[in-house]
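Worksheet: one structure, shown below.
The values are calculated or read from the model by the stated rules, or taken from the named source; none is laboratory data. In this text, all values refer to a predicted model and were calculated from it rather than measured experimentally. Glycine gets a Cβ as well: all are built from the backbone with ideal geometry, and neighbour counts include every protein chain shown.
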Amino acid sequence: MRVLMTGGGTAGHINPALSIAAKIKEERPDAEILFVGAEGRMETTLVPKAGYPLKTVKVEGFQRKLTPQNVVKNIKAAVHAVTAGAQAAKILKEFRPDIAIGTGGYVCGPVLQQAAKRGIPVLVHESNAYPGVTTKLLSRTAKAVMLPTESARQYLPTGANAVVTGNPLRQGFSAPDREAARRALGVDERPLVLSFGGSLGARPLNEAMAAVLKRNLADERLQFVVGTGRGINYERTKKLLDEYGVTPDGVHVRVLEYIDDMPRYMAAADLVVSRCGAMTLSELPAMRKPSILIPSPYVAENHQYHNAKALADRGAAVCIEEKDLTDDRLWDTIEQTALSPERLAAMSEAAAGAAVSDATERIWQIIKQTLGD
């Protein structure tokens, strides 16, 4: 079996592809897998680190907001779209895959379009509750579009073969042992609130959390772990906490630039405050975690809002849009949730109901069906 995987730009596109590839190798150890990614993006680090060969094409996304600068960028993107197609065609001719699987990102478009033109079966996995433009375009020729939730089906064109598989999870995001995680982290019996905004962080979330930590100084009924994101967000948050008189002590408050062991910290937490990337919102249900979700308004097609709404509608989360985010509202929501065992239990149960634990197995079955195995 020869499999071409394509997807990238963000970890939310790359990690599902790596999980699918790992499942294929588990089932077919002799399978040959080649990744195709975008030049200079995150996949150029993550894919080789996982042990897979990678080829890249030069491709850029189109800017939706028309400004003089963006018009120039869109002209360059159009040129790269043509050249990327030619580069993809060359890779396909050399590798001769039996199937091509895409997991999102601009690079998927030209690669999977060229694969479909050559009669190679194409599968698309969409990790967001609101499918992106690339997924919608590819759905017309894909053998199947694999979705994270049932609610995502309504956004695809009529006639698309949509199948709900859930999102493949990273290792460690299943069967959480809360007590073991808390012992390992030295967490006491008080409710633990974990907050993070992704690897680069989210300034509005960090600033609101700093104000929450200041409020908590009054009685310290809660303990916090705050992942600020690397670089300037970490420095800004530390400076703001200094101004507020909050000293991270590793007991009441831990402030981390990056959370390396997210499964353990999430297992230990009673409540999670976060942005709404697709994979985070698959990991939260798998870990049965109540959450307060603050979607980024700066992402394409506002897909983080749709991701958050899918959990909020189930009662597993509270969604606060960034335009409505205030220090008071966040503190009140954290306090009312984290200090209510009954509410935490109800939200945890609702979150568990949204979990899909066998996503990679479902995807593997679709791959086999597509190949006629």
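For Ala312, are the conditions met, namely being modelled with pLDDT of 95 or more, over 19 Å from the mean Cα position of the chain (by Cα) and among the aliphatic types (A, V, I, L, M)?
The answer is no for Ala312.
In the list Ala278, Ala211, which residue meets the criterion of being in contact (Cβ under 8 Å) with a residue 60 or more places away in the chain and over 19 Å from the mean Cα position of the chain (by Cα)?
Ala211
Kindly provide the set of residues from segment 164-191 that are among the aliphatic types (A, V, I, L, M), surrounded by fewer than 17 Cβ atoms within 10 Å (Cβ to Cβ) and within 23 Å of Glu361 (Cβ to Cβ), ordered by number.
Val164, Ala175
Go through segment 332-373 and count every residue that is free of Cβ contacts under 8 Å to residues at least 60 places away in the same chain and hydroxyl-bearing (Ser, Thr, Tyr).
2
Residue by residue through segment 217-255, note down the ones that are crowded, with 16+ Cβ neighbours inside 10 Å, at pLDDT 90 or above and within 27 Å of Pro285 (Cα to Cα).
Answer for segment 217-255, where residues must be crowded, with 16+ Cβ neighbours inside 10 Å, at pLDDT 90 or above and within 27 Å of Pro285 (Cα to Cα): Leu222, Gln223, Phe224, Val225, Val226, Gly227, Thr228, Gly229, Val253, Arg254, Val255.
Of the residues that sit in segment 117-162 and are of a type in the set (Ser, Thr, Tyr) and more than 25 Å from Glu94 (Cβ to Cβ), which one is surrounded by the fewest Cβ atoms within 10 Å (Cβ to Cβ)?
Only one residue fits best here, namely Thr158.
How many residues are among the polar types (S, T, N, Q) and either under 17 Å from the mean Cα position of the chain (by Cα) or over 17 Å from Gly104 (Cβ atoms) (or both) when one looks only at segment 21-48?
Residues in segment 21-48 being among the polar types (S, T, N, Q) and either under 17 Å from the mean Cα position of the chain (by Cα) or over 17 Å from Gly104 (Cβ atoms) (or both): 1 in total.
Among the residues of segment 121-139, is there at least one that is under 22 Å from Lys55 (Cβ atoms) and part of a loop (DSSP other than H, G, I, E, B)?
Yes, that holds for at least one residue.
Check Asn233 against each of (1) of a type outside the set (Asp, Glu); (2) part of a loop (DSSP other than H, G, I, E, B); (3) touching a Lys or Arg at 6+ places or on another chain (Cβ under 9 Å); (4) within 22 Å of Trp331 (Cα to Cα) and name the one condition it does not meet.
(2)
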